[in-house]
Amino acid sequence: MTTPPQDTGSARDLTQGLTQDFDPRAPETFTSAHALYKEMRSSCPVAHSTAYDGGFWALFRYEDVKRVLDGRALFTTSVQNTVPRFAFTGRRPPLHFDPPEHTAYRRVINRFFTRDRMAALEPRVRESAVQLLQPLIEAGEGDVSIDYAQKFPAHVFAAFFNLPTELAELIKEISAAYVAAIQIVDTDNVVRLSRRLYQIAQAVIDERRAHPLDPGHDLTSALMEAEYEGEPLPPDMVLGCVRQLLVTGMVAPSVFIGNMFVHLSGDPALADLLRADASRVPAAVEEFLRLYGPYRGMARTAREDVTIGGRLIRAGEPIALVYTSANRDERVFPDGETFRLDRPNLARHLAFGGGVHTCPGAPLARIMLVTTLAEALARTSAFEVSGEITMARWAEWGTNSVPMRFTAAAR
Ligand code: HEM
């Protein structure tokens, strides 16, 4: 059973102006944000923060987040789609667009994440996973975030986007610096690095023009060829879309993968259970996605005044959808802070968002995560965290560094 949001009205909004209910910039440990969010869900589920130039609202409960995701008439992504707002260098479909404009891009993108395509890509994803994991396991130690999670997505993207691995690695490096600059609100570097990513996206498009690939097999070529209502997609928006695709999918796996290893280090019985029965790894990954979802600053903007959880949100004010908190909401996921392998309603989690902007890359993300975990478990008899964990900062949640010790499986 879920509890609907309570629109009880709040005198505080009307008489005291906007408050600082929480600070997204506070330093965090692996557990602190979730402890805070549990408290916020009960005491201040629709919170305001004065951080980031003008402040923003944050929704911590599942039903409130869901209401915004499902309420397209009232909420838009075209004004501000992340908190903090950093799209200074241009609009990038599909995330920055609402339907119907948004639909034109998603139609093309969705075709590249079908079951058949994913099955065809899986061996290359697995090969990359093994190639990067094996040296850590053989050495008996390594940083699973720095040495693995921050490298692996570039290899997968090279295969998925038909790019040379060196170029994908460069994109990964610049994306990581771009995200780090956003996290510390270093505007000059955000703009500089974003422009650099645009240049790379343009170079990929130029390369396709010079050496065409089959648009049935290459997403960049498909966007360049696509039409919507009889017209080609505008070249600057194709560029924005390639720029977004190249970066978006690199970020989340990098901060997510280490979380699974931290969890399993603290629960070796679960690791052994999954070693004994690899068919349960996909279910474990799904529960890890619920527990450790990396996005908390994806945003919408209210098109008109709206009351959520008794608080008045004015037209034009940004609203962060704190998926990281909604996924542990005990009103929807009983005992939500705890890992459970067979949650009956696990499919309701919002790690990949919901509504029209639901992550198109989810099938690829799942293959990346499942192959990583399955290969790491099969090749080890044990592993444990061996040093200090470093966390990413808002708007992402997850690990930036996880030093680990590995015991290789007996062969
Ligand atoms: C662990 C991995 C991933 C997670 C947790 C994740 C999560 C998300 C979430 C929550 C959204 C919705 C944003 C919103 O509500 O505003 C999203 C959108 C998106 N994701 Fe992912 N993602 C992952 C991997 C990927 C990958 C591998 C790709 C591409 C290869 C990708 C491409 C995109 C794109 C293009 C959008 C924008 C969709 C739209 O606006 O219609 N993601 N992702």
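The values are calculated or read from the model by the stated rules, or taken from the named source; none is laboratory data. Predicted model, so just to flag it, every value in this text is computed and none were measured. Cβ: placed from backbone, ideal geometry, glycine included. Neighbour counts: every protein chain shown.
In table form, for the structure just shown:
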{"item": "Residue in segment 79-101 that is assigned to a helix (DSSP H, G or I), at pLDDT 95 or above and either surrounded by 17 or more Cβ atoms within 10 Å (Cβ to Cβ) or touching a helix residue (DSSP H, G or I) at 6+ places or on another chain (Cβ under 9 Å) (or both) present", "result": "no"}
{"item": "Hits in segment 18-41 (condition: assigned to a loop (DSSP other than H, G, I, E, B) and among the small types (Gly, Ala, Ser))", "result": "Ala26"}
{"item": "Residues of segment 286-322 classified as in a helix (DSSP H, G or I) and either closer than 20 Å to Phe97 by Cβ or hydrophobic (A, V, I, L, M, F, W, C) (or both), total", "result": "3"}
{"item": "Qualifying residues in segment 272-306 (those that are touching a strand residue (DSSP E or B) at 6+ places or on another chain (Cβ under 7 Å) and over 30 Å from Thr372 (Cα atoms)) - the one farthest from the ligand (Cβ to nearest atom)", "result": "Asp305"}
{"item": "Any hit, segment 395-407, residues being hydroxyl-bearing (Ser, Thr, Tyr), out of contact with any Asp or Glu (no Cβ under 6 Å at 6 or more places or on another chain), farther than 24 Å from Asn327 by Cα and at pLDDT 95 or above", "result": "yes"}
{"item": "Selection within segment 307-317 - among the small types (Gly, Ala, Ser) and either buried (at least 18 other Cβ atoms within 10 Å of the Cβ) or within 16 Å of the ligand (Cβ to nearest atom) (or both)", "result": "Gly309"}
{"item": "Subset of segment 217-253 (residues that are surrounded by fewer than 20 Cβ atoms within 10 Å (Cβ to Cβ), away from the ligand (no atom under 15 Å from the Cβ) and in a helix (DSSP H, G or I))", "result": "Ser221, Glu225, Pro235, Asp236"}
{"item": "Positions within segment 259-275 being free of Cβ contacts under 8 Å to residues at least 24 places away in the same chain and of a type in the set (Ser, Thr, Tyr), in sequence order", "result": "none"}
{"item": "Phe256, sole failed condition from (1) part of a loop (DSSP other than H, G, I, E, B); (2) touching a residue at least 12 places away in the same chain (Cβ under 8 Å)", "result": "(1)"}
